[in-house]
Each structure stands twice: as C-alpha cells, then as structure tokens.
Amino acid sequence: MASWQLQNAKTHLSELIEDSYTKGPQIITRHGAERAVVLSVIEYRALTKPKQNLRDYLLGGPRFEDIEIVRDVAPDRQIDPFEDEA
C-alpha cells in the first residue's frame with residue numbers, strides 16, 4: 001500500500017483518489033503515524049457487504065422436494081468370498 005503524508009494528501013486529493021481506485025488502498029500518515037486509509041468504492045462495498053450466516057447459506061441451497069428417488073428392488077446378489085482364491 002502506498003503511503004501519503006497528510007499535507008501531500010490534501011494538495012493531491014484527486015491523485016490520491018485515483019490511486020486508490022487504480023493501485024489499491026492508500027494510507028494517510030500524520031507525523032509518521034498511520035491515521036487513515038482511502039479505499040475505492042468497490043473495495044469499500046466488498047468489505048461492508050452483509051455476510052450471510054451459515055444457517056441461511058445452508059437453507060438457501062437447491063431444493064430437492066420435486067426429485068423422485070426410485071430404489072432398485074431387485075434381490076441382492078450372493079457373493080462367494082472364497083471364489084477368487086485359486
């Protein structure tokens with residue numbers, strides 16, 4: 001992340017905003033200490049997007065009520081466990 005001194009950020013605000021959009025978050029410092037971060041609106045919205053909880057995620061999956069499952073009713077075949085021992 002690029003770092004801007006507060007005074008430079010004030011005088012080059014348009015450049016700071018453009019850099020936040022094209023190059024990513026920009027840090028603003030005051031007396032050498034980090035004080036703020038300028039983000040593009042896209043990054044801001046991604047960070048503040050409401051997160052879906054696990055319950056809603058699982059319940060929001062595909063529905064299976066309309067799927068008909070048909071079980072094969074043929075009798076099980078018998079397997080001789082000693083058949084291949086030769």
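The values are calculated or read from the model by the stated rules, or taken from the named source; none is laboratory data. The structure displayed is predicted, hence computed values, not measured ones. Heads up, the Cβs are rebuilt from the backbone with ideal geometry, glycines too, and the neighbour counts pull from every protein chain shown.
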* Among residues belonging to region 1-29 that are in a strand (DSSP E or B) and of a type in the set (Gly, Ala, Ser), point out the one that is modelled with the highest pLDDT. => Ser3
* Whichever residue in region 32-58 is β-branched (Val, Ile, Thr) and touching a strand residue (DSSP E or B) at 6+ places or on another chain (Cβ under 8 Å) and, among such residues, is farthest from His12 (Cα to Cα) -> Val37
* Assess whether Gln78 counts as being assigned to a loop (DSSP other than H, G, I, E, B) and under 32 Å from the mean Cα position of the chain (by Cα). => no
